[in-house]
Amino acid sequence: MRYASGCLLAMVLERHGKNGNIGYGFITGSCLKTGTVATTYFHDHHNLFVAGDDPEDMLFAVRRIETLQGGFLTVKNRKVLAELALPVCGILSERGIQDTALDLKAVRESLEELGYRHSSPVMSLGTLGLPVSPALKLTDKGLVDVKRSVIVPLISG
């Protein structure tokens, strides 16, 4: 089931077996317009971030990232569009520089085709879950207001 609200569902899943936390949120703006993206490329926690317009694609992406043991990938209609395996701590490849670069380029191009607008979509995506950079960030503990150092509820009242 696809959602056409202009917001994409987003989650960060703790993937180290420490607490099983899952933080929920939404993304809008220059991020993805359609499809699903998943990544473990967060240099301070390496948890699994997934965002998309279809919960079934999101689950598909999570399972694929688990198989890869970390990385970047894009999905649409239960089909992997592009992927980069990063099995070393979720942030490093075991492949050569040329193969890694080609896979990363394919991921970047796929992000752009799915509507991600940024001068560096891969690096931008890798900051959406970093609670050390300004504004609102999504972590396995939930949506964090970094400036105030508080968890922000998704539902108020």
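Summary table
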quantity	calculated
Carbon + sulfur, % of accessible area of the stretch 1-153 - ligands and nucleic acids excluded, 1.4 Å	57
Residues with amide H under 5 Å from that of Leu143, placed H, sequence gap 5 or more	Tyr24, Val152
Extension gain from Val146 to Arg63, taking 0.36 nm per residue of separation minus the Cα-Cα distance	26.9 nm
Unit charges on C-beta of K, R, D, E only; dipole of the chain, Debye	260
Per residue, the convex hull volume that the Cα atoms of the chain enclose (Å³)	116
Inter-label distance for Ser119 and Lys18, nm, one decimal - labels placed 7 Å from Cα along Cα-to-Cβ	3.3
Under 20 Å, Cα to Cα: Lys pairs in the chain, sequence gap 8 or more or different chains	8
Part-to-part distance (alpha-carbon centres) for the stretch 1-56 and the stretch 75-94, which is given in Å	14
Given charges at Cβ of Lys, Arg, Asp, Glu: the chain dipole, positive-most of Ser93, Tyr24, Ile151	Ile151
For the stretch 61-113: rounded, prolate or oblate by the Cα gyration tensor [a/c cutoff 1.5]	oblate
The stretch 73-143, accessible area per residue, ligands and nucleic acids excluded (1.4 Å, Å²)	52
Simple label model, 7 Å out from Cα along Cβ direction - Arg95 to Leu154, nm	3.3
Dipole moment magnitude, nearest 20 debye, the stretch 70-157 about Cα centre, only Lys, Arg, Asp, Glu C-beta charged	320
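The values are calculated or read from the model by the stated rules, or taken from the named source; none is laboratory data. Remember, it's a predicted structure, so these values are computed and weren't measured experimentally. For neighbour counting, all protein chains shown are included, and Cβ atoms are generated from backbone atoms with ideal geometry for every residue, glycine included. Each accessible area value is taken on the protein alone, full model and side chains, heavy atoms only, with ligands, DNA and RNA left out. Shrake-Rupley method; radii C 1.70, N 1.55, O 1.52, S 1.80 Å.
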